[in-house]
Amino acid sequence: MKTFIVSIALTFLSSHALAATCIEQANAKKLRSHAQEYFMKRCEEEAKKNCESQAKKKELDGTAKRAFVKKCVADAVGS
């Protein structure tokens, strides 16, 4: 039973960490200046790749894809 509870807790914590925005992650790491700029740029690039992948899985094209990716990236970055 303890193993079950621990596995649920770890799943919750790992999914919460994945849901954190780039801004939240940068603040948690206490990044400033160039380190923060570099982190944010890299994080936004990764978010865009992930969002484009999701759009492809949903078979979105054209305007729908652009709108989806734009909103998805904004949500991931936290702006």
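Brief remarks follow.
- For segment 21-77, a simple Cβ point-charge model (Lys and Arg +1, Asp and Glu -1, everything else neutral) yields a dipole of about 20 debye relative to the Cα centre.
- Here the Karplus curve 6.51 cos²θ - 1.76 cosθ + 1.60, taken at θ = phi - 60°, turns the phi angles of segment 50-55 into couplings of 5, 5, 5, 5, 5, 5 Hz, with x standing for Gly and Pro.
- Of the cross-linked pairs K30/K56; K41/K65; K30/K71; K30/K70, those separated by over 30 Å at the C-alpha level are K30/K56.
- Additional length obtainable on full extension of the chain from E45 to A67, 0.36 nm per residue less Cα span: 6.3 nm
Here, each number is a calculation from the coordinates, and none is a lab measurement. Since this is a predicted model, take the numbers as computed values, not measurements. Using ideal geometry, Cβ is built from the backbone for each residue, glycine included, and neighbour counts are taken over all protein chains shown.
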